[in-house]
Amino acid sequence: MTRLLSISTLRTCTLALTLTAFAAAQQEVTAYTNATILPGGKPAMSNATLVVSGGKVIAIGGSDLKVPDGAKVVDCNGKTITPGLIDASFQSGNTAQDLNEQSDEVTPHLRVLDSIDPEDPRFQRARNAGVTTVHVMPGTRNVIGGLGCVLKTHGTDPKEMVIKEDASMRIVMGAEPSMSNRAIRGGRVNSMYYRRPTSRMGVIWAVRRAFYDAKEALTKTQGAPGDAPPSPGTQVLTQVLQGKLTVVTTARSEQDLRTALRIADEFGYKTVIDEAQDAYMVADELAGKKAVVMLGSPSAEAVGGSASADGSAPRAGTVAVLAQKGVTFVITTGTNTAALPLINEAMFAVRNGLGPQQALDAITIEPAKLLGLSDRIGSLAPGKDADFVIWSQHPLDPAAVAESVLINGQSVSQLR
Amino acid sequence: MQILNQRRTTGALLLTALCATPIAAQDVLVQASKIVVAFGAGETKSTTLENSALLIRDGKIAFVGTDIPAEARRAARVIDYGTATISPGFVLAATTLGRDVDLGEGAIAFTPDLRTAEAFDPWLEQLEQLAPAGVTAFGLVPSARNVAGGIGAVGKPGKERGRLLAPEVFVGFSVSSAARNQERQPTSLMGAHQMLRESFTEARDGVKVGPDLAVLRQVMSGQRPAFFYADTFAEINAVLEIGASFNFAPVILGAGESDRVLKKLATRGAGVVLNTLNPKMRRAELELPAKLTKAGIPFCFAGRPELLRMSAALAVRYGLSRNTASAALTRTPSTFLGQQANVGALRSGCGADFVVYQGDFLDLGARHIATWVDGKLAHGTAPKRSSKKTRTINSAGGR
């Protein structure tokens, strides 16, 4: 009987959701009732109702919330609703070649948005697993790779998916930007790999040199308005120096983490640390500087045995250490090719000592704040985008399935 | 003596009356039971004449059908194709004639001011393949390996050697994978996109000068068509973004994934040059011509010349109208190249470039009888007929 009931509920659900797609366009109102709602950044609400219209949340409340007259009602009895998940470090399916402009090691002005394909299967995979917004950055082959952007995971044109162009600028520490580069020692320069830098020191030198030029440009522009404008790359760096653009520094090992913080101090900008595998070693410094950390695939150590990359020594308990020390962090899938779906990364974080509320916040409201978009996404409150997921049960349960994923109130994936 | 002089004068006057300009060679009157003056595309009807003729003078179409003056008709050498059909010669919108090496400057990726005309060899072997395939004009495009390859020319094959019709016509660009070279800038699509964005911005703002930026300004002012190699969604999208930002409508070469951007292509007024089709292709690729046309996007084919006719026939097999398919081999590419007044139709003033088939060339069984370029037989046969026995031609012509 229960089974029968659940199937019929599901059918109703599916039908209603299909109708929602058309309804939203006509500004119709839909109410999702009887659900457990985890609104993001706030405690869970049971027997709650979520009211959506015109692609936005218009009301959220307990059983006492009155469903507006004429609203379509979707009974979500037994289901859990969360905000759409946000992956703050997401790798799009472009080939490594297309994520890295390797003709120069410092390309701050290149936009990853220019190479986005909406039919990239990774968007679909993320969407099916409840991820509604992603932050995509250029690859990790360049010292300064370029500009990242924030996209919803559904659409046919990158322009309609993007909710923040030029959201961040990526700097990469460590061995990747210097990997297999060769120095020119006489002979013909006939390969791209004859390029700087060839060492870890060289990587930092390239960052320092770029910011030094930007600083120069900044004083020059201020001094003489008639001067020719600085190069597009330098213009981006000056925005960083003026605090107008978020820097994301990819740094995995302890030494790179420390360097990332030191360089940021040296030039007076704030940086988010990405892929911070060794963050547990420098938790106090991170907390002291109020640096936000993106933790790429915390499951990796637990699942793959070791996710040691670039000299780092990841620990499954990093998340718990960061939480305990009061470091703000978000959970991402990052550059790890063996990363699990984002919700399962959060699940592993809980297994390794993080509170469930914190784990969910680390994939919803925290990344929204980090990306400067918490007024639109990351939590369910009146006026925010109607991006949410209807889960079969509590999303941190290993058996949980994202039964319906909605972006701007429209269903974008239905598994069953 | 005076009488003799008078006669001479009369003779000279008569000659002047017969042809406004002194003729270097005898006019040629080409007759056939059906002459397609121009194929219409979409709603436009084709202009067709029944039992009519063309008068060729100095390599160009001088008069068509009933417009041919009686004197000119009498004086002309007559070629009679009997029951065959004459239609405009095919135009190959873009080809490197197999000379990619000469048509791509490898050292630098951005060379909009180079001229493909300067790498054109009129004796090139590949030119010999054009007339047998019915091709009478081609766009000589820079190779796909440079983000801005250079200025393309329009040329024609001939019986012995080819020639250039116009040396500087369009500008060839590329954001396809061929333009992304791991050994020089750019190595990535975002690098190529940025390169175009920066260069067009420089050209628009006018802070810098130089021959390369001058060429980009000609693109932005609509003086020169812009051809872009782009195949995937992201590549086509990049080209459309650049076109929208700098106010020009691009022609996209390749465009394999254009079915994903139909609406955008249509609103931006872009044209598409598809690779030639073959029967082994996936159904989606074979249906692309019909889809493009339905969305209101003009398209034509480029690739191996001998596959042009089959491509059009396959497009018809997969839903395209015969009219549009024929236009895709003639009128549409000549429009892309901005050469409507010269090639792609048999109107007065156009080059005398035409093909003769026994039937409709879209029927692959129709025999190819001849290809004429610049009023000369470039391939096939030209059955002569005594000028005195010129048969009566339906003076009404026909439309």
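The values are calculated or read from the model by the stated rules, or taken from the named source; none is laboratory data. The structure presented is a predicted model; accordingly, all values stated were derived computationally and were not measured. Methodologically, a virtual Cβ is constructed for each residue, glycine included, from the backbone with ideal geometry; neighbour enumeration extends over all protein chains shown. Side chains included, ligands, DNA and RNA excluded: accessible areas come from the protein's heavy atoms. Shrake-Rupley method; radii C 1.70, N 1.55, O 1.52, S 1.80 Å.
Can you pull out every residue in the range B:170-184 that is more than 9 Å from chain A (Cβ to nearest Cβ) and open to solvent by 10 Å² or more (accessible area, probe 1.4 Å)?
B:SER176, B:ALA178
In the range A:86-116, how many residues are touching a residue at least 40 places away in the same chain (Cβ under 8 Å), of a type in the set (D, E, K, R), crowded, with 24+ Cβ neighbours inside 10 Å and facing another protein chain (nearest Cβ under 9 Å)?
So the answer is 1.
Quickly run through the range B:115-140 and pick out the residues that are in contact with a Ser or Thr (Cβ under 6 Å, 6 or more places away or on another chain) and assigned to a strand (DSSP E or B).
Of everything in the range B:115-140, those that are in contact with a Ser or Thr (Cβ under 6 Å, 6 or more places away or on another chain) and assigned to a strand (DSSP E or B) turn out to be B:PHE138, B:LEU140.
Can you pull out every residue in the range A:117-132 that is in contact with a helix residue (DSSP H, G or I) (Cβ under 8 Å, 6 or more places away or on another chain) and surrounded by 24 or more Cβ atoms within 10 Å (Cβ to Cβ)? Show your work before the answer.
Going through the range A:117-132, the residues in contact with a helix residue (DSSP H, G or I) (Cβ under 8 Å, 6 or more places away or on another chain) turn out to be A:117-119, A:126, A:129-131.
Selection gives A:ALA126, A:GLY130, A:VAL131.
Sort through B:GLY134, B:GLY162 and tell me the only one that's in contact with a His (Cβ under 8 Å, 6 or more places away or on another chain) and open to solvent by less than 20 Å² (accessible area, probe 1.4 Å).
Every option except B:GLY134 fails the conditions.
Among (1) in a helix (DSSP H, G or I); (2) more than 14 Å from chain A (Cβ to nearest Cβ), where does B:SER143 come up short?
Condition (1) is where B:SER143 drops out.
Which numbered condition trips up A:ASP375, out of (1) without any contact (Cβ under 8 Å) to a residue 24 or more places away in the chain; (2) touching a Ser or Thr at 6+ places or on another chain (Cβ under 9 Å); (3) not polar (S, T, N, Q)?
(2)
Assess whether B:VAL175 counts as being in the same structural domain as B:LEU213 (by TED's automatic domain parsing) and closer than 30 Å to A:VAL106 by Cβ.
Values: in the same structural domain as B:LEU213 (by TED's automatic domain parsing): yes; closer than 30 Å to A:VAL106 by Cβ: yes.
So B:VAL175 passes the test.
Go through (1) open to solvent by 10 Å² or more (accessible area, probe 1.4 Å); (2) within 30 Å of A:PRO382 (Cβ to Cβ); (3) not in a helix (DSSP H, G or I) for A:CYS149 and report which single condition fails.
(1)
In the range B:302-339, what residues are closer than 13 Å to B:ALA290 by Cα and either among the aromatic types (Phe, Trp, Tyr) or open to solvent by 20 Å² or more (accessible area, probe 1.4 Å) (or both)?
B:LEU314, B:VAL316, B:ARG317, B:TYR318, B:GLY319, B:SER321, B:ARG322, B:ASN323
Hey, B:SER221 hits all of (1) within 13 Å of another protein chain (Cβ to nearest Cβ); (2) under 20 Å from B:ILE151 (Cα atoms); (3) hydroxyl-bearing (Ser, Thr, Tyr) but one; which does it fall short on?
It is condition (1) that B:SER221 fails.
From the list B:GLY243, B:GLY271, exactly one residue is touching a Ser or Thr at 6+ places or on another chain (Cβ under 8 Å), crowded, with 19+ Cβ neighbours inside 10 Å and not basic (Lys, Arg). Which is it? First the steps, then the outcome.
On the way: B:GLY243 fails: touching a Ser or Thr at 6+ places or on another chain (Cβ under 8 Å).
Going through B:GLY243, B:GLY271 in turn, the sole match is B:GLY271.
Within the bounds of the range A:135-147, is there any residue that is at positive phi, within 9 Å of chain B (Cβ to nearest Cβ) and at pLDDT 90 or above?
Taking the range A:135-147 and keeping what is at positive phi, we get A:146.
Now drop any that are not within 9 Å of chain B (Cβ to nearest Cβ), which leaves A:146.
Next, only the ones that are at pLDDT 90 or above stay: A:146.
Yes, the conditions are met somewhere in the range A:135-147.
What pairs come out if I take residues in the range B:191-212 that are more than 10 Å from chain A (Cβ to nearest Cβ) and pair them with residues that are open to solvent by 40 Å² or more (accessible area, probe 1.4 Å) and part of a helix (DSSP H, G or I) whose C-beta lies under 6 Å away, six or more apart or interchain?
Hits for this filter: B:ALA203/B:ARG217.
How do the pairs read when you match residues in the range A:191-203 that are small (Gly, Ala, Ser) with residues anywhere that are surrounded by 13 or more Cβ atoms within 10 Å (Cβ to Cβ) and at pLDDT 70 or above, using Cβ under 7 Å and keeping only pairs 6 or more apart or on different chains?
Going by the 7 Å Cβ cut-off, the qualifying pairs are A:SER191/B:GLU183; A:SER199/A:SER178; A:GLY202/A:SER178; A:GLY202/A:ARG196.
Which residue is modelled with the highest pLDDT, if the candidates are limited to the range A:220-233 and must be over 22 Å from B:GLY191 (Cβ atoms) and open to solvent by less than 90 Å² (accessible area, probe 1.4 Å)?
A:ALA228
Can you pull out every residue in the range B:185-216 that is among the basic types (Lys, Arg) and surrounded by fewer than 17 Cβ atoms within 10 Å (Cβ to Cβ)?
Scanning the range B:185-216 gives B:ARG204, B:LYS208.
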